[in-house]
Every structure is written in C-alpha cells, then in structure tokens.
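Report on the structure given below.
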Amino acid sequence: MKRKMTFSLTLTLSLLLSLVSLPSTAQAAPKRFRADSRVITLGAAQILRITVAGNAGNDAIKVRLRWMQYAAQGCSGMPPVCRHIVVNQGTTPPETLGPDDALSFDLQGMGDGVRVVVESNSPNVRVLGVVFDTSTQRIITMFVIEHLEDLIT
C-alpha cells in the first residue's frame, strides 16, 4: 500500500511540474509582423507589384507573401454595392533577405480586387506597392507600407 501511495505522489508531482514548465516555452515563440496592401481593384491590363527590401542592417530577415484575387459575386442597390469573394489565393515559400537584398512579386488584375500580405520576422522591412498598366506601360499609382503590424500568434 505504501508503494502505491509513493508511486501516485511521484506521478502527480511530475505531471504538475511538466504543466508548470509548459507556459514558459510557449512564450518563447518568435514575433511576426505583417504589412497588408488591403484590397485593391485592378483592371484586366493592370499588375500590382509588391517589392520587399530589408533594412541595411546585419540581420537576415525571413519574408513570406500571401496573395488573394477577388471576383464580384453580385451587386445591388443604387448606387450599386458589390460583394466580392476570394476566387484564387496562395502563399509563397519563406524567403531570406540579406541586408542588401530585395524581392518582388507581381499579381495580375482580373478586373476585380487583389490583395497581398507580407509577413516577416522583423518590423524593419520596407514594402513598396506599384500598380502599372501593361497596355500603356505607365505607372498608375505607388504606395509605401511604412509600419508593419505586430501579429499576435
């Protein structure tokens, strides 16, 4: 009987110790940051180019891009209000940017909305968006996403 009690007490203490140590390892997860272009409506002959560059520091930065293409599901009212749904989406593999590296990603317009989300392990990446028309070879607009949002994991 004494052996059963000792075994039960040892087992209970070891389980409690393992539970207490779990939260400290969960808090050690690396931070992630996000820059979001939001939904941009492109014409069929327009392209959204997202360029990501690392800050000229010494650290290598991991970057991944998620993209979505939208299509109108239906419109109603006057003036018309249209509902859009995601019809195509994907994620690039993670890329490592050195201090003087950059990468770019093109997303073709289909006459409806597109969106690109840049995810990084550093808030020090610079993100530039350019919309240009392939038929006229002219830049339509440029925008910079200056502040990356801290993602809560």
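The values are calculated or read from the model by the stated rules, or taken from the named source; none is laboratory data. Quick caveat, the model's predicted, so the values are computed rather than measured. Note that each Cβ is placed from the backbone with ideal geometry, even for glycine, and that neighbours are counted across all protein chains shown. Surface accessibility is based on the protein's heavy atoms, side chains included, excluding ligands, DNA and RNA. Shrake-Rupley method; radii C 1.70, N 1.55, O 1.52, S 1.80 Å.
Would you kindly state how much longer the chain becomes between Thr41 and Ile139 on full extension, computed as 0.36 nm times their sequence separation minus their alpha carbon distance, in nm to one decimal? Before the final figure, lay out the partial values.
Details: separation 98, 0.36 × 98 = 35.28 nm, distance 1.48 nm.
Result: 33.8 nm gained on full extension.
Roughly speaking, what is the stretch gain from Ala72 to Ser104, that is 0.36 nm per residue apart minus the C-alpha to C-alpha distance, in nm to one decimal?
This chain segment gains 8.8 nm when fully extended.
Say each of Arg64 and Leu128 gets a label point 7 Å from the Cα, pointing the same way as Cα to Cβ; how far apart are those two points in nm?
2.6 nm
Which is farthest toward the positive dipole end of region 85-153 among Val117, Asn88, Phe132, measuring Cα position about the Cα centre, with Cβ charges +1 (Lys, Arg) and -1 (Asp, Glu)?
Phe132
How do 60-67, 129-136, 115-122 rank on mean C-beta neighbours within 10 Å, highest first? Mind dumping the intermediate values first?
On the way: 60-67: 18.5, 129-136: 15.1, 115-122: 20.6.
The peptides rank, most packed first, as 115-122, 60-67, 129-136.
Determine, for each peptide in 71-77, 100-106, the mean count of other beta carbons within 10 angstrom over its residues, then list the peptides with the highest first. Let's see the in-between values first.
On the way: 71-77: 10.9, 100-106: 13.1.
Result, highest mean Cβ count within 10 Å first: 100-106, 71-77.
Among 34-40, 137-143, what's the highest-first ranking by average C-beta atoms within 10 angstrom per residue? Let's see the in-between values first.
Working: 34-40: 16.4, 137-143: 10.7.
Per-residue mean Cβ counts within 10 Å order the peptides as 34-40, 137-143.
Return the sequence-ordered ³J(HN,Hα) values of region 114-123 in whole Hz as given by the Karplus equation 6.51 cos²θ - 1.76 cosθ + 1.60 applied to θ = phi - 60°, using x for Gly and Pro.
Coupling constants for region 114-123: 9, 8, 10, 10, 9, 10, 8, 8, 9, x Hz.
Evaluate the relative contact order of region 51-98 (contact order divided by residue number), counting alpha-carbon pairs under 8 angstrom at least 6 apart; express in whole percent. Provide the component values of the computation, followed by the final result.
Working: 69 pairs, mean separation 22.8, N = 48.
It rounds to 48 percent for region 51-98.
Run the accessible area of region 42-129 with a 1.4 Å probe and give the carbon-and-sulfur part as a rounded percent.
On the way: 2330 of 4660 Å².
Whole-percent figure for carbon plus sulfur exposure: 50.
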